[in-house]
1. Show the residue pairs meeting these rules: Cβ distance below 7 Å; 6+ apart or different chains; first residue within region 24-53 and at negative phi; second residue surrounded by fewer than 15 Cβ atoms within 10 Å (Cβ to Cβ) and outside any helix (DSSP H, G or I).
2. Which residue is nearest to residue 50 (Cα to Cα), if the candidates are limited to region 1-19 and must be surrounded by 10 or more Cβ atoms within 10 Å (Cβ to Cβ) and out of contact with any strand residue (DSSP E or B) (no Cβ under 7 Å at 6 or more places or on another chain)?
3. Under 17 Å from residue 58 (Cα atoms) and either at pLDDT 95 or above or touching a helix residue (DSSP H, G or I) at 6+ places or on another chain (Cβ under 7 Å) (or both), is that true of residue 21?
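The values are calculated or read from the model by the stated rules, or taken from the named source; none is laboratory data. From a predicted model like this one, the values you see are computed outputs, not experimental measurements. All Cβ positions, glycine included, derive from the backbone under ideal geometry; neighbour counts span all protein chains shown.
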């Protein structure tokens with residue numbers, strides 16, 4: 001995909017971003033970012049806009065790391081459940 005320019009607004013700040021992602025992904029991502037910033041801003045009312053952005057980034061990073069761990073755990077469980085099947089049905093090679 002080629003880079004496209006998208007207009008988004010976060011925290012009342014309009015900006016143009018360039019991305020090779022689909023318009024739907026850019027929209028969903030900016031909506032999620034906006035939601036997180038609003039939630040963090042309402043909890044940290046004395047924080048500066050930069051602090052709100054950093055706290056939002058940390059919150060999103062934590063969510064990502066947690067989700068990545070869950071995916072890896074599920075992947076390992078699937079591999080473990082398939083492993084005995086492959087061991088039973090795979091040919092053995094003797095030296």
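1. 37/11; 49/11; 51/44; 52/44
2. 11
3. When the stated conditions are applied, residue 21 does not pass them.
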